[in-house]
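Worksheet for the structure shown next.
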Amino acid sequence: MSIPPATDGLPLQSAQCPLCGGANACGMVRSGGAEEPCWCEQETFSPALLARLPEARRGRACVCLRCVKSQ
Ligand SMILES: [Zn+2]
């Protein structure tokens with residue numbers, strides 16, 4: 001499975017939250033894209049939260065825990 005390139009110039013896997021720019025502690029970024037599970041897999045992302053993300057970022061860059069908790 002291949003992922004189409006992002007259209008906004010940002011790296012596909014970013015260590016920065018696309019909403020607030022803070023560190024998101026993404027497991028995939030920490031491990032360099034390896035199979036390390038990310039904390040985000042244990043969290044629920046509401047449709048309202050996802051709607052705030054730029055379309056190109058959805059399902060790619062992790063939102064930080066702070067933004068998830070304030071959704
Ligand atoms: Zn954030």
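Before moving on, here are some points about what is shown:
- Residues with amide H under 5 Å from that of A23, placed H, sequence gap 5 or more: C17
- The distance between label points at E55 and E36 comes to 3.3 nm (points 7 Å beyond Cα on the Cα→Cβ vector).
- Lys, Arg +1 and Asp, Glu -1 on Cβ, resulting dipole of the stretch 27-69 about Cα centre, debye, nearest 20: 260 debye
- Per-residue Karplus couplings for the stretch 61-69, computed as 6.51 cos²θ - 1.76 cosθ + 1.60 with θ equal to phi - 60°, are listed in order as 6, 6, 7, 6, 4, 4, 5, 4, 6 Hz, Gly and Pro entered as x.
Computed from the coordinates by the stated procedures, all read-outs in this text should not be read as laboratory data. Because the structure is a prediction, the values reported are computed rather than measured. Quick reminder, even Gly has a Cβ in these numbers, built from the backbone with ideal geometry, and neighbours come from all protein chains shown.
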